[in-house]
Amino acid sequence: MAPSVADLNITETEEGKFASNLGTAHEFLVTAILMRLGFDVSVSSVKGGPYDLLITVYEKGPNSTQYIIRGAVKTASKTGDVRFTAGQRAGVNRIYVPGVKKYKYSLEHNDLVIGVDRFTLDLYLIPTRFLEKFGDTRRVTRLQPLRNNWDILLNWNEEFLGDLEKQLG
């Protein structure tokens, strides 16, 4: 089979280190994709916070009012789940005490969660306001209306987001 840009860990890097590197790679990929689409994007220089990117979005199309929103990039699991929690970390030489720092994202933390499908590199743009109705994770198969849906960033307004939220049930 021919090589693909979606190939994973061909160097056989240790799993914890690779998971950390994959998350960082996806932050850069999301930044690059959004910039290619014409959006202004800034990468947060503070790691471990509740958001990774600052993204300029539009209220009603490219010539309308602009807003800056906070985006968190999350790699979908091998089974296709996007996790909406933070505060816990895997990796090398980490001591993890369950339940101590874990929290679920809310509008206090960020405005948008961008799930990255590790196998296809599709992006799932999930407004944080939707998370109130979701559990701690959601399978990408249940997020199809949000897959590569750039209209979310071009129509960051109550009416558009409300209609989209209804589609998700």
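The residue pairs whose first member lies in region 1-30 and is touching a residue at least 12 places away in the same chain (Cβ under 8 Å) and farther than 15 Å from residue 119 by Cβ, whose second member is of a type outside the set (Gly, Ala, Ser) and not in a helix (DSSP H, G or I), and whose beta carbons are closer than 6 Å, counting only pairs six or more residues apart or on different chains, are 16/92; 17/92; 23/75; 27/52; 27/73; 30/73; 30/114. When region 155-164 is filtered for residues that are assigned to a helix (DSSP H, G or I) and closer than 12 Å to residue 125 by Cα, the ones remaining, listed by number, are 161, 164.
Regarding residue 17, is this residue in contact with a strand residue (DSSP E or B) (Cβ under 9 Å, 6 or more places away or on another chain) and not in a loop (DSSP other than H, G, I, E, B)? Answer is no for this residue.
Taking the stated definitions as given, is residue 124 within 12 Å of the chain's Cα centre (by Cα) and over 22 Å from residue 6 (Cα atoms)?
Working: within 12 Å of the chain's Cα centre (by Cα): yes; over 22 Å from residue 6 (Cα atoms): no.
When the stated conditions are applied, residue 124 does not pass them.
Only residues that are touching a Leu at 6+ places or on another chain (Cβ under 7 Å), closer than 24 Å to residue 158 by Cα and part of a strand (DSSP E or B) were counted across region 43-71, and they come to 7. Residue count for region 1-55 under the criterion of being touching a Lys or Arg at 6+ places or on another chain (Cβ under 6 Å) and closer than 18 Å to residue 121 by Cβ: the result is 0. Checked against (1) in contact with a helix residue (DSSP H, G or I) (Cβ under 6 Å, 6 or more places away or on another chain); (2) without any contact (Cβ under 8 Å) to a residue 12 or more places away in the chain, residue 41 passes all but a single condition, namely (2).
The single condition from (1) surrounded by 14 or more Cβ atoms within 10 Å (Cβ to Cβ); (2) farther than 30 Å from residue 9 by Cα that residue 124 fails is (2). Yes or no: region 141-150 includes at least one residue that is charged (D, E, K, R) and either modelled with pLDDT under 95 or surrounded by 12 or more Cβ atoms within 10 Å (Cβ to Cβ) (or both). Checked against the condition, which is being charged (D, E, K, R) and either modelled with pLDDT under 95 or surrounded by 12 or more Cβ atoms within 10 Å (Cβ to Cβ) (or both), region 141-150 yields at least one hit.
Scanning region 127-137 for any residue that is in contact with a Phe, Trp or Tyr (Cβ under 9 Å, 6 or more places away or on another chain), closer than 17 Å to residue 78 by Cα, outside any loop (DSSP other than H, G, I, E, B) and polar (S, T, N, Q) turns up at least one such residue. Residue check: residue 34 meets all listed conditions (1) among the aliphatic types (A, V, I, L, M); (2) outside any loop (DSSP other than H, G, I, E, B); (3) within 23 Å of residue 104 (Cα to Cα) but one, namely (3).
The values are calculated or read from the model by the stated rules, or taken from the named source; none is laboratory data. All values reported here derive from a predicted model rather than from experimental measurement. Methodologically, a virtual Cβ is constructed for each residue, glycine included, from the backbone with ideal geometry; neighbour enumeration extends over all protein chains shown.
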